[in-house]
Amino acid sequence: MGSIFCLTMSVNAQQSAGKIRIIMFGAHPDDCDERSSGTAALFVQMGYAVKFVSVTNGDAGHQTLKGKELAKRRYAETQEAAKRLGIIYDVLDNHDGLLMPSLEVRLQIIKEIREWNADLVFAPRPNDYHPDHRYTGVLVQDAAYMVAVPNIEPEVPALRKNPVFLYYEDHFQRPNPFRPDIAVDISSTYDKKIADLDAHQSQMYEWLPWIGHYSDEVPQSEADRIKWLAKRTARPINAETRASLEKWYGKERADKVQYVETFEICEYGAQPKDDDIKRLLPMLGK
Ligand SMILES: [Zn+2]
């Protein structure tokens, strides 16, 4: 009872303090981490509540493990990642590789957004190569208006505000390329991002190298693996992203940024002006 009471108090305290509440969706139990854990770590440092949600349980992403055994290992990895980042990590029990944009899953997403009382919702764009990523994008889009409609999923109170929805960066060009509306300097939390990714051992050091044919590059020792992962995760910053960094941080600071995460504003949900973006992502310019 004690812990439930404390949780309720802390949520209320955060709401009364006007703190921003953030929920990030990924298809698999390492997707949010890859796209936005540097930004999540910055939110946590500012004392804001962040939740990651994996829409599938990850039970297909391995070359030797599968089913319940794999789902269990990956769930443990999410909880280790959550501990390292200081966030909550939920895993929905839908099969990996078989996700459909069904009504059932749409209602699961609506519930998650409402229960978290989210101000900001992050998701993949619906034109990714992986069907689970694509349908996670569609499912979150399908929830974007319905979170405010009381007659849908009536046992969870509808939101009276519509959150702002943001897309993670991707490199897909059709039907339209990703647009870096928002660029977050994650240079100060890049190490946290790598520590978070390192928690997903079955993916970073086993499955992704196997499916990508680079297993022989994975170092043996833990220290070498972290260094290798940091190097592998780093991306060059293109001109469009630099321009976005300059907009939010000014030129002098933008030139010094080493690591970045970028986001596109979704056409659904609340449509933020620049001042709203600065209020919702207070790390911009700081
Ligand atoms: Zn994925």
Exercise for the section: Could you work out how far the C-alpha centroid of the stretch 90-115 sits from that of the stretch 171-215, in angstrom? Expected result: 22 Å
Practice task
Give the accessible surface of the stretch 152-253 per residue, rounded to a whole number of Å², with probe radius 1.4 Å and ligands, DNA and RNA excluded.
Solution key: 57 Å²
Handout entry: Given charges at beta-carbon only (K, R positive; D, E negative), |dipole| of the chain in Debye
Key = 680 debye
Handout entry: Sequence of 171, 130, 62 from largest to smallest accessible area, 1.4 Å probe
Key = 171, 130, 62
Completion exercise
Heavy-atom accessible area with a 1.4 angstrom probe orders 54, 221, most exposed first, as 221, 54
Fill in the blank from the handout: With a 1.4 angstrom probe the carbon and sulfur portion of accessible area for the stretch 135-251, in percent, totals 53 percent
Exercise for the section: Mind scanning 161/227; 227/273; 68/192; 19/72; 68/111; 19/256 and naming the pairs with a C-alpha gap bigger than 31 Å? Expected result: 161/227; 227/273; 19/72
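The values are calculated or read from the model by the stated rules, or taken from the named source; none is laboratory data. Owing to the predicted nature of the structure, the values given are computational and were not obtained by experimental measurement. Cβ sites come from the backbone with ideal geometry, for glycine too, and all protein chains shown count toward neighbours. What goes into the accessible areas is simple: the full protein's heavy atoms, side chains included, and nothing from ligands, DNA or RNA. Shrake-Rupley method; radii C 1.70, N 1.55, O 1.52, S 1.80 Å.
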